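Structure first, commentary second.
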There are 2 protein chains.
Amino acid sequence: MYSQISETPIFKGFNSDEVSDILKSTHHQIKTYEPKEIIAFSGEECNNLFVLVEGSIRGEAIDYNDKIIKIEDVFAPDTFAEAFLFADQNNLLINIVANTKSKILIIHKDDLLRLFHSNKKILENYLNIVSNRFVLVTKKLKFLSLKTIKAKLASHFIELSKKSKNKTIFLGKTQMELADYLGVTRPSLARTIKEMKDEGIIEVPGKMIRIIDYNKLKKLTE
Amino acid sequence: MYSQISETPIFKGFNSDEVSDILKSTHHQIKTYEPKEIIAFSGEECNNLFVLVEGSIRGEAIDYNDKIIKIEDVFAPDTFAEAFLFADQNNLLINIVANTKSKILIIHKDDLLRLFHSNKKILENYLNIVSNRFVLVTKKLKFLSLKTIKAKLASHFIELSKKSKNKTIFLGKTQMELADYLGVTRPSLARTIKEMKDEGIIEVPGKMIRIIDYNKLKKLTE
DNA sequence: CTCAATTTGTAACACTTGTTACATTTTTAA
DNA sequence: TTAAAAATGTAACAAGTGTTACAAATTGAG
C-alpha cells in the first residue's frame with residue numbers, strides 16, 4: 001500500500017519506504033469506503049487532508065429540489081478538498097461520495113502542519129498542489145466570464161490548438177458533450193459552429209476543426 | 001515601517017520588533033513605485049511574494065484592442081499574486097499597476113520557503129491567506145455560473161442577509177455599481193428588481209431591500 | 001451489409017438581456 | 001435654497017440563446 005501512497009501528488013518524490021517512515025511518525029487514519037458511501041457531508045467543517053489512495057470518488061451538490069448534480073470525479077492517486085483546508089470558513093460546499101470501493105488516507109490539518117515543518121518536500125508538494133488548483137479555478141473563472149457562445153467556443157479552440165500545437169484540432173467529443181462542457185444547448189452550439197464556418201474562421205472536415213483565421217478567432221474571445 | 005509590515009496578513013501576530021528580526025534574517029527587497037508605474041507584467045513568471053505595505057495597486061487586463069480592463073484593486077496592508085506562486089505555470093495573467101505611490105516588500109519564493117521552515121506562524125498565515133483566496137474564487141465561480149440576473153441578484157441578497165443576519169439589507173452601492181458588480185447592465189438590473197418587487201419577493205423602501213419571501217428568493221438561485 | 005440508434009443540421013418561435021433614449025426623482029454643491 | 005449633477009424608472013427595440021421539433025447523415029452492432 002505504501003507504494004500506492006507514494007504515487008499521490010502529496011508524496012511525490014518519496015519511495016514506499018520513505019512513505020512508510022513518514023506515516024509511522026505522523027498521526028493518520030486509513031479508511032475504506034464502499035460504493036455510494038458518503039465520505040464527507042456538505043456543510044461539514046473539513047479539517048482533514050484526504051488522500052485518495054485507491055478507487056474513485058465524486059463531489060455532488062444538492063439543489064433546492066433535492067436534485068443531485070455531479071460536480072467532479074477524482075481518481076486515485078490524487079488528493080481532494082485540500083485547497084481550503086486552512087481557510088477561516090472551511091466548510092464543504094458539496095457531498096463527497098465514493099464511486100467505487102475506495103481507500104483514503106486521512107491526515108488532520110494539525111498533523112499535516114507538523115509534517116510540513118519536519119519535511120520540506122511535503123510542504124513544497126502541498127504548495128504546488130494548491131497553487132495548481134488555484135490556477136485551474138482561475139482559468140475556469142476567466143472562461144465562464146466569456147459572455148457569448150462564440151467567445152467560449154473560440155477560446156476553447158485556441159486552447160486545444162495551443163495544446164496540440166496544430167491548427168487542426170481533433171474534437172474527442174460529440175456536439176452534445178461539447179455543448180454540456182461549454183454550458184450551452186446543442187442546437188445553439190451547432191448554430192454557432194455554422195456561423196464561424198460561414199464567416200471563414202474555421203473549416204469542419206469530419207470530426208476535425210481546422211482554424212483558418214487565427215486572428216479573427218482570437219478577436220472573438222474578447 | 002516595520003509596524004506597517006506587521007499589519008499585513010502574512011505577518012499577522014508579529015509585532016514590529018519581531019518583523020524586524022525576521023526580515024534581518026530573510027533576503028528581501030523593498031521597492032517604491034510611483035502612480036501608474038507597472039509593478040509586474042502580464043505573462044511574466046511570478047516568483048515573488050508581493051506584500052503591499054503602503055499605497056494601493058490594481059490588476060488590469062489588456063484585451064486584443066489594447067483596451068484596458070480593471071480587474072481588482074488592492075489596498076495596503078495586504079498581499080497579492082500569492083496564490084499561484086508555487087504553481088507549475090506561474091505566469092501572471094494581468095498587469096500589476098500602482099494606483100498611488102506604493103511601498104512593496106518583495107520576497108522570492110525560495111526565501112519564503114526557508115522562512116516557512118524556520119517560522120511556523122508565517123507558514124500558517126500564508127496557508128490561511130491562500131485558502132481564503134481559494135474560497136473566495138470558488139464562491140465567485142459558483143456565482144458566475146448562475147445564469148439569469150434574477151438568480152444572481154437573489155444569491156447576492158441572500159449572502160448580504162446572512163452576513164447582516166437581517167431580513168432588511170442596506171445596499172451600500174448605487175444601481176450602477178451593483179450592476180457592474182453583477183456583470184449586467186443598469187436598466188436590466190432595475191427591471192429585475194421591479195419584477196421581484198411585483199412578485200412580492202422583496203420590498204424596496206429607499207436604499208434598502210427587505211426580503212419578504214425568503215423561500216421564493218432561495219428558489220430563484222437554482 | 002443492413003437496420004436501428006445516435007449524432008448532426010436546421011428552422012420557428014419564446015425568453016432573457018442588452019441598447020438606447022428620455023422623463024423623473026434624488027443627491028450634491030454652491 | 002436652488003440649480004446642476006447623479007441616480008433611478010421605464011419603454012421600445014435588437015441581439016443572443018434556449019426550446020422544441022423534425023429530417024438527414026453517420027455510426028455501430030449484429
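In whole angstrom, note down how far apart the Cα centers of the stretch B:169-222 and the stretch A:161-222 are. If we compute the Cα centre of each part, the gap is 37 Å.
Determine the per residue accessible area of chain B with all protein chains present and a 1.4 angstrom probe, expressed in square angstrom. So chain B comes to 53 Å² accessible per residue, rounded to a whole number. Can you pull the percent of chain A's accessible area that's carbon plus sulfur, 1.4 Å probe, other chains left in place? Its accessible area is 52 percent carbon and sulfur atoms.
Placing +1 on the Cβ of every Lys and Arg and -1 on the Cβ of every Asp and Glu, with no other charges, gives the protein assembly as shown a dipole of roughly 1580 debye about its Cα centre. Of the DSSP H helices in chain A, those that are both long (alpha-carbon extent of 24 Å or more along the helix axis) and hydrophobic (Kyte-Doolittle mean at least -1.0) are A:120-144.
Counting every C-alpha pair in chain B, the share spaced more than 34 angstrom apart comes to 31%. For the protein assembly as shown, dividing the convex hull volume of the Cα atoms by the residue count gives 179 Å³ per residue. Summing charges over all other residues whose Cβ lies under 9 Å from the Cβ of residue B:203, with Lys and Arg as +1 and Asp and Glu as -1, gives +2. Using 1/(1 + (r/R0)^6) with R0 = 35 angstrom and r between the beta carbons of residue B:216 and residue A:175, what's the FRET efficiency to the nearest 0.05? Rounded to the nearest 0.05, the efficiency is 0.45. When +1 charges are put on Lys and Arg Cβ atoms and -1 charges on Asp and Glu Cβ atoms, the dipole computed for the stretch A:2-143 relative to its Cα centre reaches about 360 debye.
Under 28 Å of direct C-alpha separation, and excluding same-chain neighbours fewer than eight residues apart, residue B:120 reaches these lysines: A:12, A:24, A:109, A:120, A:121, B:12, B:24, B:31, B:103, B:109. Here the label points at residue A:20 and residue B:15, each 7 Å from Cα along the C-beta direction, are separated by 5.0 nm in the simple model. Across the options B:41, B:57, B:215, the greatest Cα extent toward the positive end of the charge dipole of chain B (unit charges at beta carbon of Lys, Arg, Asp, Glu) belongs to B:215. For the options B:22, B:193, B:122, a Gaussian network treatment of chain B with springs between C-alpha atoms closer than 10 Å singles out B:193 as fluctuating the most. For the stretch A:146-220, the alpha carbon positions stretch 27, 23, 21 Å along the principal axes, listed from largest to smallest. Loop-resident GluC sites (Glu not before Pro) (DSSP state other than H, G, I, E or B) in the stretch A:151-211 with no more than 14 further Cβ atoms inside 10 Å of their Cβ: A:199.
Chain B and chain A together bury an accessible surface of about 3700 square angstrom, both sides counted, with a 1.4 Å probe and no ligands or nucleic acids included.
The values are calculated or read from the model by the stated rules, or taken from the named source; none is laboratory data. None of the values given here were measured: they were computed from a predicted structure. Methodologically, a virtual Cβ is constructed for each residue, glycine included, from the backbone with ideal geometry; neighbour enumeration extends over all protein chains shown. For accessibility, only protein heavy atoms count, side chains too; no ligands or nucleic acids. Shrake-Rupley method; radii C 1.70, N 1.55, O 1.52, S 1.80 Å.
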